[in-house]
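Notes to accompany the following structure.
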Amino acid sequence: MTDVNARHRRIALSLTLTFTVTALLPGCGVLPGGDDKSTVTVWLMKGSASDEFIKRFTDEFEKEHGDYDLDVRIQEWTGIGPKVQRALKNDDGPDVIEVGNTQVAQYVDQGRLEDLTLESARDLGMDDWLPGLAEPGSYNNAQYGIPWYAANRVVIYNKDLFADAGIKQPPKTRQQWLSATARLNNGTSQGIYLAGQDWYTLSGFIWDEGGDLAKEKNGTWRGTLDTPAALRGMDFYRQLQALGDGPRDADEEHPPQAGVFAKGDVAQIIAVPGTARAIEEANPKLKGKLGYFPIPGKSADKPGAVVTGGSDLVIREGTDERKGAVEVVKALAGEKWQKDLARTMDYVPNKAKLADAVSGEAGVAAMAKGAARGRATPKSPQWAAVEADNPIKTYMSKVLGGADPAAAAKAASRRITEELDSH
């Protein structure tokens with residue numbers, strides 16, 4: 001998702017790398033002088049790929065595809081939604097655009113993206129894609145967004161505190177997790193720091209129980225936090241959150257949980273692996289003392305469900321360079337460049353079978369295991385309106401404060417339904 005993507009990507013240089021040529025003939029991508037090359041314009045987001053990766057990719061793509069030059073332009077996440085919407089309406093807009101995986105539906109809803117279903121099935125191995133990237137990229141049984149990379153939360157833990165509590169192996173089930181966390185929550189340390197409004201983490205618990213945040217039926221969306229399954233997910237969250245001193249009425253960024261963990265008396269947090277860098281910068285004494293494991297599931301044979309953040313690649317409808325744009329997307333989403341990007345940026349590749357590319361990095365390896373159980377937020381084009389004034393956060397704080405879960409869930413579900421319907 002967009003905010004997850006923006007918070008947890010490795011910082012890259014903001015220099016816009018432009019690999020293009022000048023003096024294009026008006027209205028086409030053919031150069032004067034008989035050089036029959038076309039230019040494919042690509043928008044990538046700041047922080048998604050390093051400048052070195054972009055240069056490597058561009059040089060090799062242009063070498064292998066002699067008919068094309070690439071014009072790669074780096075965009076800021078802030079304000080990107082309206083900017084993409086305007087670009088999709090322009091005949092001279094970019095050909096390929098990186099978008100947050102959960103943004104695809106709103107752009108498809110405007111009718112301005114190319115249908116890539118055929119290419120997905122024939123050339124891109126869509127059956128192997130991570131569901132958290134693939135599902136939000138589809139709309140009305142057609143594929144518009146091509147999965148590029150993923151990121152998701154894991155448990156980051158303090159190895160010393162685990163050892164002091166006699167815990168030799170990370171837990172693999174929910175019940176083991178609760179038991180271990182209770183042992184770690186011993187008065188001198190918090191078993192876990194879990195903010196009361198971390199609704200991304202809650203979403204995974206709800207999905208594990210078979211519930212959802214909202215469901216669509218016959219074209220109408222409604223909030224579903226009040227179902228028995230969703231209520232069970234919230235109850236597990238309540239039990240886990242009580243084994244630490246996380247605030248009930250704030251999310252994981254207020255205060256930033258990396259700073260809380262860096263004090264050294266917190267045994268666990270739930271975050272993307274890259275958070276470890278901020279922890280170690282704040283407290284160098286913790287360097288080498290951090291471990292990672294996937295969020296445990298209900299049984300030991302599979303980890304818990306997680307919200308998949310990340311990006312998809314889309315092609316502007318009506319582009320004059322559709323063939324070249326498809327070749328760019330095929331290359332970026334293909335095995336070679338997927339492995340390169342994963343190693344360069346500590347991401348999860350778009351297919352579980354490519355996870356060996358990051359097996360040498362403990363945090364990313366744990367993330368890749370969880371990614372196989374990743375999902376995205378509801379695929380309504382209006383979901384962003386729910387997140388803007390998030391009733392899920394209010395609901396969580398009320399339950400943790402002692403309110404009746406069923407009544408609070410019913411009220412929050414009604415708010416979600418109103419937001420999805422009113423837009």
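Quick notes on this structure:
- Criterion applied to Arg232, Arg238, Arg248 was being within 20 Å of Ala182 (Cβ to Cβ), touching an Asp or Glu at 6+ places or on another chain (Cβ under 7 Å) and at pLDDT 95 or above, and the one residue passing it is Arg232.
- On inspection, Ala366 does not qualify as assigned to a helix (DSSP H, G or I) and touching a helix residue (DSSP H, G or I) at 6+ places or on another chain (Cβ under 8 Å).
- Answer residue from the stretch 231-264, given it is open to solvent by 60 Å² or more (accessible area, probe 1.4 Å) and of a type in the set (D, E, K, R) and is nearest to Pro378 (Cα to Cα) among those: Arg232
- Every pair of residues 6+ apart whose Cβ atoms lie under 9 Å, when the first sits in the stretch 350-376 and is within 14 Å of Pro294 (Cβ to Cβ) while the second is open to solvent by 30 Å² or more (accessible area, probe 1.4 Å) and part of a strand (DSSP E or B): Ala362/Tyr292; Gly363/Tyr292; Val364/Tyr292; Ala365/Tyr292; Ala366/Tyr292; Met367/Tyr292
- Candidates Ala300, Ala276 - the one that is touching a residue at least 40 places away in the same chain (Cβ under 8 Å), open to solvent by 60 Å² or more (accessible area, probe 1.4 Å) and small (Gly, Ala, Ser): Ala300
- When the test is whether a residue is farther than 30 Å from Asn283 by Cβ, touching a residue at least 40 places away in the same chain (Cβ under 8 Å), out of contact with any Pro (no Cβ under 9 Å at 6 or more places or on another chain) and of a type in the set (S, T, N, Q), Thr220 passes it.
- Taking the criterion of being more than 16 Å from Thr377 (Cβ to Cβ) and touching a Ser or Thr at 6+ places or on another chain (Cβ under 9 Å), the residues of the stretch 210-230 that qualify are Gly210, Thr220, Asp226, Thr227.
- Condition met for Gln169 (assigned to a helix (DSSP H, G or I), closer than 18 Å to Lys302 by Cβ and over 23 Å from the mean Cα position of the chain (by Cα)): no
- Subset of the stretch 373-423 (residues that are touching a Lys or Arg at 6+ places or on another chain (Cβ under 8 Å), part of a loop (DSSP other than H, G, I, E, B) and buried (at least 19 other Cβ atoms within 10 Å of the Cβ)): Arg373, Pro378
The values are calculated or read from the model by the stated rules, or taken from the named source; none is laboratory data. Here the structure is a predicted model, which is why all the values come from computation and not from measurement. Every residue, glycine as well, gets a Cβ built from its backbone with ideal geometry; the counts of neighbours run over all protein chains shown. To get the accessible areas, we keep the full protein, side chains included, count just its heavy atoms, and leave off ligands, DNA and RNA. Shrake-Rupley method; radii C 1.70, N 1.55, O 1.52, S 1.80 Å.
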